[in-house]
C-alpha cells in the first residue's frame, strides 16, 4: 500500500492554481516553466482537459473540470486548508496575466 505522503518523489514548495480555458494554454505553459517547484492545479471551466496532454508537465498536474465556474468557486471548494498547508506559497493565478517578469523564487 502506498501512503499519500509517498505519492510524490519530491515535495514542491509552491502550489499554483489556474482557472483555465484551453485558449490560454500558451500563457499557462510559459508560467509553469518559470519554476520546477510548482505543484500545478488546473481548474478547467471549458471542459477541455485531454487537450492539455500536449504539455509534458500536464501529466503531473491535477485537473478539475466544471463548466462555467469562477476561480473563487474552484478555490473555495478544492483548495481546502488541509490541502494548501503543505506548501510554502500558494499562487491563484489569472490565466491571462503576463509572466515575463515573474520569478517564483523571489
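The values are calculated or read from the model by the stated rules, or taken from the named source; none is laboratory data. This one's a predicted model, so the numbers in the text were calculated from it and none came from an experiment. With ideal geometry, Cβ positions are generated from the backbone for all residues, glycine too; neighbour counts draw on all protein chains shown.
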- [ ] Being free of Cβ contacts under 8 Å to residues at least 12 places away in the same chain and either out of contact with any helix residue (DSSP H, G or I) (no Cβ under 8 Å at 6 or more places or on another chain) or at positive phi (or both) is the filter here, so list the residues in the range 55-73 that pass it.
- [x] 56, 72, 73
- [ ] Could you give me the residue pairs with C-beta distances under 8 Å whose first residue belongs to the range 90-102 and is closer than 25 Å to residue 78 by Cα, whose second residue is at pLDDT below 75 and outside any strand (DSSP E or B) wherever it lies, and which are 6+ apart or on separate chains?
- [x] 91/104
- [ ] Test each condition in (1) within 12 Å of the chain's Cα centre (by Cα); (2) over 21 Å from residue 86 (Cα atoms); (3) modelled with pLDDT under 90 for residue 44 and report the one that comes out false.
- [x] (3)
- [ ] Keeping to the range 60-106, report how many residues are out of contact with any strand residue (DSSP E or B) (no Cβ under 8 Å at 6 or more places or on another chain), surrounded by 15 or more Cβ atoms within 10 Å (Cβ to Cβ) and either modelled with pLDDT of 85 or more or closer than 23 Å to residue 47 by Cβ (or both).
- [x] 0
Task: Meets criteria (in contact with a strand residue (DSSP E or B) (Cβ under 8 Å, 6 or more places away or on another chain), closer than 22 Å to residue 100 by Cβ and either modelled with pLDDT of 90 or more or surrounded by 13 or more Cβ atoms within 10 Å (Cβ to Cβ) (or both)) for residue 28 - done: yes
- [ ] Please enumerate the residues belonging to the range 50-59 that are surrounded by 15 or more Cβ atoms within 10 Å (Cβ to Cβ) and touching a strand residue (DSSP E or B) at 6+ places or on another chain (Cβ under 9 Å).
- [x] 52, 58
Task: Residue tally, condition modelled with pLDDT of 90 or more and over 14 Å from residue 61 (Cα atoms), over the range 5-23 - done: 3
